[in-house]
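Read through the structure below, which is laid out as structure tokens, and then see the notes.
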Amino acid sequence: MITWMQKHKKYLVVTIWVSTIAFVGAGFVGWGAYDMNTNRAKSVAKVGDRSISIGEFQQKYGTMYEYYVNASNGKFSQEQAEQMGLDKIVLQRLIQDNIMLNYADELGLSVSDEEIILALMVDPSFLIDGKFDKAKYENALKQARITPKDYEYNLANTLLLDKLFNALRVDANSKDLDMLAASYFMQDRVSIQIINEDKSSIKVDENELKSIWEKNKDKYLTKTKYTLKSKFIPKVASDENLTALKEYYEENRAEYRDGFDKILSFEAAKDRVKDDYDMRQTRKLALSQYLKAKKGEVELEFDIVALDGDYGFDFEELKNAQIGDYIKPFKYRVDYKDGYLISKLESKELPTPMAYENAKEFIIDDYIDNKLSKNLEAKAKSALNNFNGTDIGFVARDTRPVIKGLSENEVSEFVNLIFANSAKDGYVILGNKAVVYKILDQKLVTAKELSGYENLLRNSALSIKNEQLIEDLLSSLQHRYKIEQYYKGQ
């Protein structure tokens with residue numbers, strides 16, 4: 001979060017309140033796993049002398065949720081947020097922020113009322129005709145369901161972090177710029193020789209396969225097997241309530257696009273809207289049934305056996321579940337019908353070594369890949385000692401020359417690898433090919449050509465040095481302040 005704040009700090013004043021509105025659309029985070037001790041019921045965590053309030057957590061969740069919605073062109077959903085554990089990510093980043101805020105307090109940094117007022121006065125979200133408008137400010141906070149006191153507290157924290165980062169900021173010097181220039185703009189004149197190896201030429205030795213299996217039984221394991229008692233909630237076929245459908249469409253219109261990425265009209269997207277609306281109603285029903293099942297008021301009806309990797313299951317949740325735990329409803333398909341599945345973990349069989357016959361197909365793949373790589377390496381080393389390459393001219397990090405015998409992806413991988421290696425010659429294995437190379441010459445673009453990139457280099461150097469500084473500082477402060485975490489996740 002700290003890195004994100006450094007890059008986007010000039011937008012934070014706006015996003016503090018905008019994100020809260022986004023949060024209302026995202027849906028509130030469930031508090032079922034929250035520690036309700038009366039002394040800490042208003043906080044999700046405490047770092048040093050600073051508590052992280054539920055409201056602060058909700059607002060930051062909204063900020064992150066809005067970020068992912070925008071990054072996905074409106075396709076990010078609350079269900080995806082739950083699957084990726086967005087609430088836990090937000091809490092961890094808030095803890096990191098508050099570690100830094102504690103450090104700012106320790107250094108004696110603070111934010112005055114005058115600084116908060118100034119930040120409000122220049123915030124474009126609250127201006128009318130270039131002047132701060134109190135009514136617009138109050139309406140915006142009211143719409144975002146946040147009090148001026150809470151908003152200004154969050155704003156003060158943002159300004160304090162900004163002040164801390166500015167106090168810690170280090171400048172880039174000429175050596176930094178020279179180093180980056182050499183890294184970004186160095187050009188190598190390269191000669192290459194391409195060697196191909198055909199998988200079909202590799203003969204499989206049964207005795208070698210068995211020997212590999214004997215020595216690596218722990219590598220070839222069965223998948224974890226989960227047995228779940230389940231109940232399927234089929235998709236609700238709701239009445240065609242145009243008002244409800246139009247409201248749903250307006251809330252989620254960014255998700256309905258044509259092949260040219262243009263938002264579809266309600267009429268054009270109506271069938272999809274109804275399907276999605278029905279699935280949302282089904283999810284609500286499934287959540288209700290899930291809670292009743294946990295209380296013993298609803299019986300689960302049939303058994304399902306799932307293996308690691310099967311479509312539709314959240315195996316991270318299953319992996320951490322204990323026997324008897326209920327699994328949150330998730331989208332599932334039974335007999336060509338969509339809906340949600342409620343499950344209870346009945347048993348879990350951990351991986352065991354496969355019998356040779358079952359493992360054989362996997363062993364053969366590894367055997368052939370290993371032989372192929374060894375053959376290519378042997379030929380590449382021989383070719384390097386008796387090099388007879390073709391000069392392809394000067395290559396830079398950002399160039400992708402056309403090289404006969406290599407695909408665009410292979411060229412890209414080859415260029416990246418030779419610039420990641422400091423050796424003047426060598427070879428690169430690309431699947432069933434080896435590219436043997438020698439660097440014949442090197443050159444740096446002229447000072448005149450570099451002059452156009454001076455700002456880029458300086459900004460990159462500043463970003464690298466300061467981000468690393470903050471990362472190192474945060475790492476050293478992790479154990480300096482006591483961290484108490486009350487919210488345990490959804």
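The values are calculated or read from the model by the stated rules, or taken from the named source; none is laboratory data. Note that the structure is predicted; figures quoted are calculated from it, not measured. Here the Cβ is made from the backbone with ideal geometry for all residues, glycine too, and neighbour counts use every protein chain on show. Accessible surface is based on the protein model in full, side chains and every heavy atom, while ligands, DNA and RNA are left aside. Shrake-Rupley method; radii C 1.70, N 1.55, O 1.52, S 1.80 Å.
Pairs are defined by a Cβ separation below 8 Å, a sequence spacing of at least 6 or placement on different chains, a first member in region 212-224 that is in contact (Cβ under 8 Å) with a residue 12 or more places away in the chain, and a second member that is small (Gly, Ala, Ser) and open to solvent by 50 Å² or more (accessible area, probe 1.4 Å); the pairs so defined are Lys223/Gly309.
Within region 99-119, the set of residues being surrounded by 14 or more Cβ atoms within 10 Å (Cβ to Cβ) and in a helix (DSSP H, G or I) comprises Ile99, Met100, Leu101, Asn102, Tyr103, Ala104, Asp105, Glu115, Ile116, Ala119. Comparison of Val44, Val122 shows that the only residue that is among the β-branched types (Val, Ile, Thr) and open to solvent by 50 Å² or more (accessible area, probe 1.4 Å) is Val122. Checking Ile89 against (1) surrounded by fewer than 17 Cβ atoms within 10 Å (Cβ to Cβ); (2) under 32 Å from the mean Cα position of the chain (by Cα); (3) more than 26 Å from Glu484 (Cα to Cα); (4) among the aliphatic types (A, V, I, L, M), only one condition comes out false. Which one? Ile89 satisfies all of (1) surrounded by fewer than 17 Cβ atoms within 10 Å (Cβ to Cβ); (2) under 32 Å from the mean Cα position of the chain (by Cα); (3) more than 26 Å from Glu484 (Cα to Cα); (4) among the aliphatic types (A, V, I, L, M) except (3).
Among the listed residues Phe232, Phe266, which satisfies the condition of being open to solvent by less than 60 Å² (accessible area, probe 1.4 Å) and touching a helix residue (DSSP H, G or I) at 6+ places or on another chain (Cβ under 7 Å)? Write out each step before concluding.
Working: Phe232 fails: touching a helix residue (DSSP H, G or I) at 6+ places or on another chain (Cβ under 7 Å).
Answer to the selection: Phe266.
For the condition part of a helix (DSSP H, G or I) and open to solvent by 50 Å² or more (accessible area, probe 1.4 Å), Glu240 does not qualify.
Restricting to region 323-353, what's the tally of residues that are open to solvent by 90 Å² or more (accessible area, probe 1.4 Å) and in contact with a strand residue (DSSP E or B) (Cβ under 7 Å, 6 or more places away or on another chain)?
Counting residues in region 323-353 that are open to solvent by 90 Å² or more (accessible area, probe 1.4 Å) and in contact with a strand residue (DSSP E or B) (Cβ under 7 Å, 6 or more places away or on another chain) gives 4.
Look at region 244-260 and say how many of its residues are open to solvent by 90 Å² or more (accessible area, probe 1.4 Å) and either in contact with a strand residue (DSSP E or B) (Cβ under 6 Å, 6 or more places away or on another chain) or not in a loop (DSSP other than H, G, I, E, B) (or both).
So the answer is 5.
When the test is whether a residue is of a type in the set (Asp, Glu), closer than 30 Å to Tyr367 by Cβ and more than 32 Å from the chain's Cα centre (by Cα), Glu208 passes it. Restricting attention to region 354-379, the residues that are more than 33 Å from the chain's Cα centre (by Cα) and either open to solvent by 70 Å² or more (accessible area, probe 1.4 Å) or farther than 10 Å from Tyr220 by Cβ (or both) add up to 14.
Scanning region 327-363 for residues that are of a type in the set (Phe, Trp, Tyr), at pLDDT 90 or above and within 21 Å of Gln281 (Cβ to Cβ) returns a single hit, Tyr340. Taken together, Asp129, Asp162 contain a single residue that is open to solvent by less than 60 Å² (accessible area, probe 1.4 Å), more than 22 Å from Val44 (Cβ to Cβ) and of a type outside the set (Ser, Thr, Tyr), which is Asp162. Against the condition out of contact with any helix residue (DSSP H, G or I) (no Cβ under 8 Å at 6 or more places or on another chain) and touching a residue at least 12 places away in the same chain (Cβ under 8 Å), how does Ala306 come out, does it pass? No.
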